[in-house]
Structure formats: structure tokens, C-alpha cells
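Right, one structure below, let's go through it.
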Amino acid sequence: MNKSRMAWLESLLPTQTSVSQAERLRSGLGALLGVLLTGLASAWALGFSSATAWLIAPMGASAVLLFAVPASPLAQPWSVIGGNVSAAIIGVSCARFIPEPLLAASVAIFAAIGTMFALRCLHPPSGAVALTAVLGGAAVREAGYGFVVAPVLLNSVLILAVAMIYNRLVGRRYPHSQRVEAVQAHGTADAVPSARLGFSLDDLKGAVRSVDQVLDISVDDLEDLLRRTEQRAFARRFGQTVCADIMSRDVIAVDFATPLAEAWALMQRHALQAMPVIDRGRFVMGLVTRTDFLKHADPAEFPGLGQRLRRLLKRTESPYTDKAEVVGQIMQARAKTVPDSLPIAELVPLMSDAGLHQIAVTDERRRLAGMVTQTDLVAALYDISLLRDAANDQRENAMPRPTRVTESL
């Protein structure tokens, strides 16, 4: 075999997968549980009889998608239910009205693919469902359109339910929402800050359309991969600066039971916009901001918004009465935190797109380690830019300059 043919054959082999052994085990175990529980539940519902088709073979292919590649658009709930049911209806119809089995099977596949494209529920195992409806034997023929309900719809719903529970339990995002655009934090028509430079979502959609093929990846996943690529390129060019390098370490924090008046006085004394709320072990429980104080100011004492604002702007007065209220009652309990090892390249879109002005930073034990504000981030990016420009200038000055030769007359 010559080298060119050998190279061509090697080019047909896929690259080595980057999926970890743990993820492979999760995928296999999920498929095992999915098929087992679907089969048992279907057999219980339809009766444990060898004459009853209570589990169809295409569920094995559906299990591969649902548990091995749950992020695929082909593995989403509507693809599973819509694809399998529509293919079953088409398969039963072709078997009933086309006497020749081979022709009926071929027409069923053709019609099933067209229907799944039209209904936006493309699911490869559904092709096998259509074939099963035509070539499944006497039991399937006798069931007629009942085959669509049991076992096809029953199997599909059961394995989908197992997939939704299992994938969530192992930390996967499923169902995988097909997000169209990032949400603008301020509710305006502007694109989110991270999308105003570089490629836009319209650019990405246009590139996908130009391929004119079904790509087994959603647009939001593709966008996320490209953004991650940009972040890695940023880190490679400018160095790996992390949150621990830029955060404030001497953080003013309060605990859950801190009285509101005391917390307000701390915020005024240190000119803070927000304070983390921690427990005795310094684990972050939430975040309290000036906005939270404004929202919960006593309306009996401050009936008008203007009065509340004027009192809030006075640093020596508290907008609270002496009633027993604590910070834990007004804090944002689901405040975002980031680890101190997070590269700031990943922090930029998080803060800019979500409109976060400050984020609590935690250490490896998930205890409060510091705070990063937008000011910290801007200053760090400015310093990195200056360092990059200085390095470029040094490289240019170090390059040997060409000697100019003049001809003597």
C-alpha cells in the first residue's frame, strides 16, 4: 500500500477524544439505567409477555444520544418525542398502504426525514423507528397505530424522564436550552458588552447557514466554544492573571444577624456599594448592596422615594427604625461568587454581560477571600495593556536595524 493511500485511510480516522474516563463512565452508566428502567416500566405497564413489544431497539440509539451527547440538538426532548412519534406514524401508514415491504421501508425513511426537518425534531434513531414499524413483524402489524402509543411514545417518555433526572444529578445541563441571544442586563436593544467587538451572533448564524448541513452542535454551544477560544488566546497573549492577583483582600463583611443600622453605618463609613454576608466559617451566604437597603427602607418613616434617597445620601443617618431587622432578611441570597484561581479573561464577560458591579471571591475551601469590582478589573486590564505595549517596544528596539549603504560619487 503506497504512502498516499495510507495517509488517506488515516485521515478517515477521527481524532482521539478529549472526554475523560469519568465522563465515559457516566455516559455508559446513564445508558444502562435508561434502558433498564425504561424496559422495566414499559413491561410493567404493558404486561410481562413475550408476545408484547414493550421495548423497541431504537431506544438503544436514543440512549446513546441522551446519555453520551446530551448537549446535541438531536438529543433534546422535542427531538426525541416528536421524531419518534412522527416516524412511527409514517412507518405504520407506509406498512398499511404500500404492499411491498422494501418500498414501504424506503418511503417511510424518506418521509420521516422530511417530516422531522419540517417539525424541527431531527432524531437519528427515529429512522430505525420508521423501519421497525414497517419490518417489525406480525406483532407490530397487528398493533397498527397503537404501536405509536405503546411502545414508541411510552418508551420515549420514559427514557427521556430518566435522562432528565440522571443528567441533572451528574451535573449536566439538560434539557439543553436553545438560547438565541444573550440577555441584556439593562433591558435595552444594545448587544451585551462582550458581543460588541469581534464576531456577533448574526455572524455566527450566517456562517452556520453557509455550511448548509446539519451540524450536531447548537448555536449557543458553538458560540460558547468560540468565546472560550478567545479567552484562551487572551490568556496566552497577555499572561494568566487570576482574580487573586487583582482582588481586594481586606474585605468589610457582615454576618447574617448583623442589625441593619449597624450594617448601614459600616457601608457609609467605608464608602462601600456592597458587602458580602458570611457565616462563622467565612462561607459566603449572600451579598447586600445599597439597592437592597433602599428597597427595604421603612415606608412608614420614608413615604416618598425622594425622601428615601435624600436620607440614604446622608452618610451619618440610617434609613432604619429601631425594629429588630437583620442583614440576612434583605441580602441577595444567590449572589454570584468566583474562585480566586479564575482567570480574569473569564471574569470580563461575566461582569460586563450580567451587569455585575462586584463579585465575592472565594478560596479553595470556598471561604471568602476577597472582592473584585469593576474598577479593579478595568485597572488590571489597563496595566496588562501597558505591559504588552512595553514588551512590544522592547522587542522592536532589540531588533537589528538594517544598515543603509550609500554609494560614493
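The values are calculated or read from the model by the stated rules, or taken from the named source; none is laboratory data. All of these numbers come straight from a predicted model, not from anything done at the bench. Cβ placement follows ideal geometry from the backbone for every residue including glycine, while neighbour counts extend to all protein chains displayed.
For the reader, a short list of remarks on this structure follows.
- Condition met for P70 (assigned by TED's automatic domain parsing to the domain that holds G30, at pLDDT 95 or above, touching a helix residue (DSSP H, G or I) at 6+ places or on another chain (Cβ under 7 Å) and within 30 Å of L32 (Cβ to Cβ)): no
- Of the residues making up the stretch 339-361, those that are surrounded by 21 or more Cβ atoms within 10 Å (Cβ to Cβ) and over 20 Å from T291 (Cα atoms) are I344, A345, L347, V361.
- Considering residues of the stretch 193-202 that are of a type outside the set (G, A, S) and closer than 22 Å to A345 by Cα only, the residue modelled with the highest pLDDT: L201
- Of all residues in the stretch 158-176, those that are more than 26 Å from A43 (Cβ to Cβ) have Cβ atoms under 6 Å from Cβ atoms of residues that are part of a helix (DSSP H, G or I) and modelled with pLDDT of 95 or more, 6 or more apart or on another chain, in P175/P77.
- Which listed residue is out of contact with any helix residue (DSSP H, G or I) (no Cβ under 7 Å at 6 or more places or on another chain), closer than 24 Å to A41 by Cβ, surrounded by 18 or more Cβ atoms within 10 Å (Cβ to Cβ) and small (G, A, S), from G136, G146: G136
- Contact annotation: residue pairs with Cβ atoms under 9 Å, 6 or more positions apart or on different chains, pairing a residue in the stretch 270-290 that is touching a residue at least 40 places away in the same chain (Cβ under 8 Å) and closer than 14 Å to T362 by Cα with a partner that is acidic (D, E) and in a strand (DSSP E or B), are V277/D255; I278/D255; M285/D255.
- Which numbered condition T17 fails, given (1) in a helix (DSSP H, G or I); (2) without any contact (Cβ under 8 Å) to a residue 40 or more places away in the chain: (1)
- Filtering A45, A104, A31 for residues that are of a type in the set (A, V, I, L, M) and under 30 Å from V219 (Cβ atoms) leaves a single hit, A31.
- Considering residues of the stretch 362-385 that are surrounded by fewer than 17 Cβ atoms within 10 Å (Cβ to Cβ) and acidic (D, E) only, the residue farthest from R249 (Cα to Cα): D383
- Leading residue by the ranking (modelled with the lowest pLDDT) among those in the stretch 250-300 that are acidic (D, E) and farther than 21 Å from H357 by Cβ: D298
- Considering the conditions (1) surrounded by fewer than 15 Cβ atoms within 10 Å (Cβ to Cβ); (2) at pLDDT 80 or above, T229 is excluded by exactly one of them, (2).
- If you go through the stretch 38-60 and keep only what is in a helix (DSSP H, G or I), surrounded by fewer than 20 Cβ atoms within 10 Å (Cβ to Cβ) and either at pLDDT 95 or above or not hydrophobic (A, V, I, L, M, F, W, C) (or both), you end up with G39, G60.
- Yes/no for I330 being of a type outside the set (S, T, Y), buried (at least 17 other Cβ atoms within 10 Å of the Cβ), within 25 Å of the chain's Cα centre (by Cα) and in the same structural domain as V277 (by TED's automatic domain parsing): no
- Filtered residues of the stretch 114-138 (kept if in a helix (DSSP H, G or I) and either in contact with an Asp or Glu (Cβ under 6 Å, 6 or more places away or on another chain) or farther than 14 Å from A88 by Cβ (or both)): G114, F117, A118, A138
- For the stretch 88-107, the count of residues that are farther than 25 Å from I165 by Cβ, in a helix (DSSP H, G or I), touching a residue at least 40 places away in the same chain (Cβ under 8 Å) and not hydrophobic (A, V, I, L, M, F, W, C) is nonzero.
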